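Data first, discussion second: the structure below is written as structure tokens.
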Amino acid sequence: MADIVPAAVRSRMMSGIRAKDTKPELVLRKGLHNAGFRFRLHRRDLPGTPDIVLPGYNAVVLAHGCFWHGHDCPLFKLPSTRQEFWQTKIERNRAVDAKTTAALKELGWRVGVVWECALKGRTRLPLDDVIGACTKWLRSDRPELEIRGK
Ligand SMILES: [Zn+2]
């Protein structure tokens with residue numbers, strides 16, 4: 001059976017470093033910037049060091065990698081080897097996500113999640129749609145947003 005972990009993920013696993021500026025996040029940042037939004041990046045003083053912080057909108061936007069965050073979508077597949085190890089690791093990541101989201105909300109932040117599958121691969125949505133949905137949400141007072149691929 002072929003190794004099904006994407007090459008990019010594999011190289012990150014091997015180096016033991018998780019790249020901060022993963023591509024979907026860059027795509028999202030560029031789109032929001034082009035739409036006129038200004039934001040801070042990876043603010044360490046907030047729970048979970050959120051990727052994109054828009055203080056003027058009381059909002060953070062997280063670009064979630066579907067593998068690391070265990071998304072229920074075609075981009076997520078458990079590696080064929082050491083399944084128990086990966087399952088535990090990803091479940092832990094998901095628990096951290098839930099805790100982080102709760103902590104951010106507790107502090108009065110609104111939390112938007114844009115999944116990697118909305119930005120890349122065959123499930124991706126037109127970037128204009130993603131940015132449009134983010135824009136609408138940012139200008140609203142809704143506490144949550146979640147955008148996933150089709
Ligand atoms: Zn996904």
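A compact table of results
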read-out	value
Rh (Kirkwood; distinct C-alpha pairs) - region 30-88, Å	13.8
Antiparallel DSSP beta bridges within the chain, percent to nearest 5	35
C-alpha long axis of helix 23-34 to longest principal axis of the chain, angle in °	10
Nearest-10 value in Å² for the accessible area of LEU41, using the 1.4 Å probe	70
Overall dimensions of the chain as given by Cα atoms, namely Rg and Dmax in Å	15.5, 49
Linear extension gain, LYS30 paired with THR88, 0.36 nm per residue minus alpha-carbon span	17.5 nm
About the Cα centre, charge dipole magnitude for the chain (Lys/Arg +1, Asp/Glu -1 at Cβ), debye	300
Per-residue ³J(HN,Hα) for region 125-132, Karplus 6.51 cos²θ - 1.76 cosθ + 1.60, θ = phi - 60°, Hz, x for Gly and Pro	9, x, 4, 4, 5, 4, 5, x
Calculated [θ] (222 nm, deg cm²/dmol) that DSSP helices of n ≥ 4 give over the chain, each run adding -39,500 (n - 2.57)	-12500 deg cm²/dmol
With DNA, RNA and ligands ignored, accessible area of LEU107 (1.4 Å probe; Å², nearest 10)	110
Percent accessible area from carbon and sulfur atoms, the chain, protein chains only, probe 1.4 Å	52
Long-range HN-HN contacts of LEU62 with modeled amide H, under 5 Å	GLY112, VAL113, VAL114
In order through region 44-54: 3J(HN,Hα) via Karplus (6.51 cos²θ - 1.76 cosθ + 1.60), integer Hz, x for Gly, Pro	6, 7, 10, x, x, 6, x, 4, 10, 10, 10
Inter-probe distance in nm under a simple model that places probes 7 Å from Cα toward Cβ, at VAL96 and ARG139	3.6
Cα-Cα P(r), region 80-126, percent of pairs per 10 Å interval	22, 28, 39, 10, 0
Angle in degrees between helix 83-106 and the longest Cα principal axis of the chain, rounded to the nearest 10	10
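The values are calculated or read from the model by the stated rules, or taken from the named source; none is laboratory data. Note that the structure is a prediction, hence the values are computed from the model and not measured. Cβ: placed from backbone, ideal geometry, glycine included. Neighbour counts: every protein chain shown. Only protein heavy atoms, including side chains, enter the accessible area calculation; ligands, DNA and RNA are left aside. Shrake-Rupley method; radii C 1.70, N 1.55, O 1.52, S 1.80 Å.
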